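Before any comments, here is the structure.
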Amino acid sequence: ALDEAELTNISLVSEALIVARGDIGVELGEQQLPVAERLIRDVGEKTGRPVMLATEVMMSVLSESRASRGDVDALFGAVVDRQFQAVMLGKETSAHKAPGDVIREASGYLVFNEAQKDAPKKKEEPSLGKTTAAALFVSRSGPTGSLRGPLLTPKGNE
């Protein structure tokens, strides 16, 4: 079971933590996987230990020449959204005819993702184009054509 105190004790005597999705899924069940993943990451953050994600994140490269959009998004999510300090590739490299190519491709995505994570977040008002404004108007209109809510006026398109 997931026990934060036990995970904290393990973390304190470890140099790093690893989230092995396959093993967690087998041991705890798939439904517990997201909970366990986040708990391990949080414990690593609290104890100052880096956390690595070990999963088959770029499996599409085994059948395609490049990673799928879903795989690229999964890498981005691991680094930027879930704040893992490392991603371990497994079958993607061990079963690939050119493992170095997979590593270079993943590395390129990860370097870009790291830059996005560290980029300052700027707050600006969203700017809607004419098409977006028209879609927004239609979506806020009822079947009779009456406006149900205030229409957002796009910046510069008054």
Return the residues of region 72-93 that are more than 13 Å from Glu56 (Cα to Cα), open to solvent by 30 Å² or more (accessible area, probe 1.4 Å), touching a residue at least 12 places away in the same chain (Cβ under 8 Å) and out of contact with any Leu (no Cβ under 8 Å at 6 or more places or on another chain); say none if nothing qualifies. Phe76, Gln83, Gln85
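Just to be sure before I move on: is Val43 within 21 Å of Leu110 (Cα to Cα), part of a helix (DSSP H, G or I) and open to solvent by less than 40 Å² (accessible area, probe 1.4 Å) in the structure I sent?
Values: within 21 Å of Leu110 (Cα to Cα): no; part of a helix (DSSP H, G or I): yes; open to solvent by less than 40 Å² (accessible area, probe 1.4 Å): yes.
The answer is no for Val43.
Out of all the residues in region 103-121, is one or more modelled with pLDDT under 80, farther than 30 Å from Glu15 by Cβ and not β-branched (Val, Ile, Thr)? Before you say what the answer is, go through the steps one by one.
Pass one, region 103-121, residues modelled with pLDDT under 80: 113-114, 116-121.
After this cut, where a residue has to be farther than 30 Å from Glu15 by Cβ as well, the list is 120-121.
If we keep only those that are not β-branched (Val, Ile, Thr) as well, we get 120-121.
Scanning region 103-121 turns up at least one residue that is modelled with pLDDT under 80, farther than 30 Å from Glu15 by Cβ and not β-branched (Val, Ile, Thr).
Name the residues in region 94-111 that are of a type outside the set (Val, Ile, Thr), in a helix (DSSP H, G or I) and surrounded by fewer than 15 Cβ atoms within 10 Å (Cβ to Cβ), would you? Before you say what the answer is, go through the steps one by one.
Step one: list which residues in region 94-111 are of a type outside the set (Val, Ile, Thr), which gives 94-101, 104-110.
If we keep only those that are in a helix (DSSP H, G or I) as well, we get 94, 99-101, 104-110.
Across region 94-111, the qualifying residues are Ser94, Pro99, Gly100, Asp101, Arg104, Ser107, Gly108.
Which residues, taken from region 1-40, are among the acidic types (Asp, Glu) and touching a strand residue (DSSP E or B) at 6+ places or on another chain (Cβ under 9 Å)? Before you say what the answer is, go through the steps one by one.
Initially, region 1-40 is screened for residues among the acidic types (Asp, Glu), giving 3-4, 6, 15, 23, 27, 30, 37.
Result: Asp23, Glu37.
The values are calculated or read from the model by the stated rules, or taken from the named source; none is laboratory data. Model, not experiment: these values are computed from the prediction. Virtual Cβ from ideal backbone geometry, glycine too; neighbours counted across all protein chains shown. For accessibility, only protein heavy atoms count, side chains too; no ligands or nucleic acids. Shrake-Rupley method; radii C 1.70, N 1.55, O 1.52, S 1.80 Å.
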